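The values are calculated or read from the model by the stated rules, or taken from the named source; none is laboratory data. Everything numeric here is computed off the predicted structure, so don't read it as measured data. Neighbour counts run over all protein chains shown; Cβ positions are idealised from the backbone, glycine included. Side chains included, ligands, DNA and RNA excluded: accessible areas come from the protein's heavy atoms. Shrake-Rupley method; radii C 1.70, N 1.55, O 1.52, S 1.80 Å.
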Amino acid sequence: MRLNDVRPQKGSKKRPRRLGRGVSAGQGASAGKGMRGQKARSGGGTRPGFEGGQQPLYRRIPKLKGFPLVNRKNYTTINVEKLASLPANAEVTLTSLKEAGILTAVKGPLKILGDGELSVPLKVKAAAFTGTARSKIEAAGGSCEVLE
């Protein structure tokens, strides 16, 4: 067998419809496209999602309420009250919390939330802090450092 012997399997290739070649050909005159209009023209038809100039659905939807942000940041969140069990002047990072067993799953960078009380001074390094969390950590004598 040679490359020039290779042919499609019998019955796998069907001849194309010959449009607009007379009534006896089966697809004569309007070639099965009806009378007139955009879809009857050569090259006719519109792109997917086109609604005749009306603002299309894919552009209307995000303007409505209740749609999530496209590139939303996911944080691993923890409240200030969970940090109260740590020793004084400890350095708090995502890895140190995981090693201490306070965090079980890591869903992204660390964010400190302000629920609960804190009386131990800590050196907290996180990607984000809420306003109340930052004030509670600094009131306890600790420091907040934002990581990029």
For residues that are open to solvent by less than 50 Å² (accessible area, probe 1.4 Å) and assigned to a loop (DSSP other than H, G, I, E, B), tally how many sit in the range 107-121.
-> 6
Given the structure, is K65 basic (K, R) and modelled with pLDDT of 90 or more?
-> no
Checked the range 44-58 for anything under 22 Å from K33 (Cβ atoms) and open to solvent by 90 Å² or more (accessible area, probe 1.4 Å); matches are R47, P48
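Please work out which residue is surrounded by the most Cβ atoms within 10 Å (Cβ to Cβ), limiting yourself to the range 81-101 and to residues that are within 29 Å of the chain's Cα centre (by Cα) and of a type outside the set (K, R). I'd like the intermediate steps shown before the answer.
First pass over the range 81-101, keeping only residues within 29 Å of the chain's Cα centre (by Cα): 93-95, 97-98.
Imposing the further condition that a residue be of a type outside the set (K, R) reduces the set to 93-95, 97.
Working: T93: 16, L94: 18, T95: 11, L97: 20.
Among them, the one singled out is L97.
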Please enumerate the residues belonging to the range 4-58 that are part of a loop (DSSP other than H, G, I, E, B) and of a type in the set (S, T, Y).
-> S12, S30, S42, T46
Inside the range 86-136, can you point out the residues that are among the β-branched types (V, I, T) and either in contact (Cβ under 8 Å) with a residue 12 or more places away in the chain or touching a Cys at 6+ places or on another chain (Cβ under 9 Å) (or both)?
-> V92, T93, I102, V106, I112, V120, V124, T130, T132
Could you list, in sequence order, all residues of the range 1-25 that are open to solvent by less than 80 Å² (accessible area, probe 1.4 Å), closer than 23 Å to R41 by Cα and without any contact (Cβ under 8 Å) to a residue 12 or more places away in the chain?
-> G20, G22, A25
Which of (1) without any contact (Cβ under 8 Å) to a residue 12 or more places away in the chain; (2) of a type in the set (S, T, N, Q); (3) surrounded by 11 or more Cβ atoms within 10 Å (Cβ to Cβ) is the odd one out, the single condition T77 does not satisfy?
-> (1)
